[in-house]
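Undergrad: Here you go, one structure.
The values are calculated or read from the model by the stated rules, or taken from the named source; none is laboratory data. Not measured: the values here are computed from a predicted model. Cβ sites come from the backbone with ideal geometry, for glycine too, and all protein chains shown count toward neighbours. Side chains are part of the model used for accessible areas, which takes the heavy atoms of the whole protein and leaves out ligands, DNA and RNA. Shrake-Rupley method; radii C 1.70, N 1.55, O 1.52, S 1.80 Å.
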Amino acid sequence: MTGLYLLILLGTILISFVASARVKSLYNRYSQIGASSRATGAQVAAAILERAGIRDVEIVAEEGMLGDHYDPLRKRLVLSAQNYQSSSLAAIGVSAHECGHALQHQQGYGPLYLRMAAVGATQFASQVVMWLPMLFMFTHMISRYTGFVLMAAGWGVIMLFNLVTLPVEFDASNRAKRVLAEMGFIGSDEEMTGVRKVLDAAGWTYVAAFITSLVYTLYYLLPLLTGGRSRN
């Protein structure tokens, strides 16, 4: 393991850790502060979908923390049990954000469809970058040059997926902030500040993921572009 690789590894781990820690800290903080509307996350989600005329999306609760997501294939809006039943600022913010994805799906938001189309390729690429280094380390079945080509391609696919994810996630958060204010679920500037902090912090975890994948793509790609073949 080279010094540069070790530096990249530690740096990207630190970036991801800081982003994740900030999300958890703000989520825990604003999970303790109730919204003046007293609406639960499930009620907020149902009202937003109803307002948009979306009646074919099921809202369900699942155990686990921060596992909330919108499943466009199964038309399910999944909320953690805590967010489903809580009326905290964090809960209604997260619920509205996931509704933002449902609104994107309904309106044919381009980046969302690009991300959906890229899921399969990204999952395959993730397996490549996970197992290929160990395959090379223990068997030497492929050359260093070929390994770098495959790793650069794998990380490149992941990087492009993370790049497309950025507008999807930030747009969903912007939709959430707007609709919460329009529908009266947020009663003051202070409450909106709390919702904004939680959603913006969550958005930075996707920025961290993009930076990580970009750095690894460049790490494996640049030697190929600067004469890596001749050194093997």
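Undergrad: What nm value, rounded to one decimal, do you get for the distance between Arg76 and Leu218 when each label is placed 7 Å out toward the C-beta?
TA: 4.0
Undergrad: Here is a follow-up. With every protein chain left in place, what is the accessible area per residue of the stretch 35-83 in square angstrom, probe 1.4 Å?
TA: Each residue of the stretch 35-83 exposes 53 Å² on average to a 1.4 Å probe.
Undergrad: Let me ask something additional. Give, in nm to one decimal, the length gained when the segment between Tyr145 and Ile54 is fully stretched (0.36 nm per residue of separation minus the Cα-Cα distance).
TA: 27.7 nm is the gain from fully extending Tyr145 to Ile54.
Undergrad: Further question: Counting only trypsin sites (Lys or Arg not before Pro) that sit in a DSSP loop (anything but H, G, I, E, B) with at most 11 other Cβ atoms within 10 Å, what is the longest stretch of the chain containing none of them?
TA: Result for the longest clean stretch: 75-232.
Undergrad: Among bridges DSSP assigns within the chain, what percent are antiparallel (round to 5)?
TA: 45
Undergrad: Let me ask something else. Using modelled amide H (1.01 Å from N, peptide plane; none on Pro or chain starts), what sits under 5 Å from the amide H of Ile59, excluding residues fewer than 5 places away?
TA: Leu77
Undergrad: Something else now. Report, in cubic angstrom per residue, the convex hull volume of the C-alpha atoms of the stretch 1-106.
TA: Enclosed volume per residue, from the Cα hull, is 120 Å³.
Undergrad: For the stretch 178-232, how big is Rg over Rh, using alpha carbon atoms and the Kirkwood form of Rh?
TA: Checking Rg against Rh, the ratio lands at 1.46.
Undergrad: Here's a follow-up. Which FRET efficiency, nearest 0.05, do Asp200 and Leu135 yield, Cβ-Cβ r, R0 45 Å?
TA: After rounding to 0.05, the efficiency reads 0.70.
Undergrad: Counting other Cβ atoms within 10 Å of each Cβ, which chymotrypsin sites (Phe, Trp or Tyr not before Pro) in the stretch 173-231 have at most 12 and sit in a DSSP loop?
TA: Answer by residue number: there is no such site.
Undergrad: Please provide three numbers in whole Å: the alpha-carbon extents of the stretch 87-232 along the principal axes, with the largest listed first.
TA: 64, 29, 27
Undergrad: Hey, any idea what Rg/Rh is for the stretch 54-95, computing Rh the Kirkwood way over Cα pairs?
TA: 0.97
Undergrad: Name the helices (complete DSSP H segments) of the chain with a Cα length along the long axis of 20 Å or more and a Kyte-Doolittle mean of at least -1.0, or state none.
TA: Span-like helices in the chain: 3-30, 89-107, 110-139, 144-182, 189-225.
Undergrad: Running a GNM on the chain with Cα contacts under 10 Å, which residue among Leu180, Leu77, Leu14 ends up with the highest mean-square fluctuation?
TA: Looking only at Leu180, Leu77, Leu14, the largest GNM fluctuation is found for Leu14.
Undergrad: If you place +1 on the Cβ of every Lys and Arg, -1 on the Cβ of every Asp and Glu, and leave all else neutral, what size is the dipole of the stretch 145-214 about its Cα centre, to the nearest 20 Debye?
TA: Approximately 180 debye in magnitude.
Undergrad: Using a 1.4 Å probe over the heavy atoms of the protein chains, calculate the carbon and sulfur portion of the accessible area of the chain as a whole percent.
TA: 63
Undergrad: For the stretch 1-93, which GluC sites (Glu not before Pro) pass both filters: DSSP loop (anything but H, G, I, E, B) and at most 15 other C-beta atoms within 10 Å?
TA: Here the sparse-neighbourhood loop sites are Glu63.
Undergrad: About the Cα centre of the chain, how large is the charge dipole given +1 on each Lys and Arg Cβ and -1 on each Asp and Glu Cβ? Please answer in debye to the nearest 20.
TA: With only Lys, Arg, Asp and Glu charged at Cβ, the dipole is about 600 debye.
Undergrad: Could you work out the helix-only [θ] at 222 nm for the chain, with each DSSP H run of four or more residues adding -39,500 (n - 2.57) and the total divided by the number of residues, to the nearest 500 deg cm²/dmol?
TA: Calculated mean residue ellipticity at 222 nm is -25500 deg cm²/dmol.
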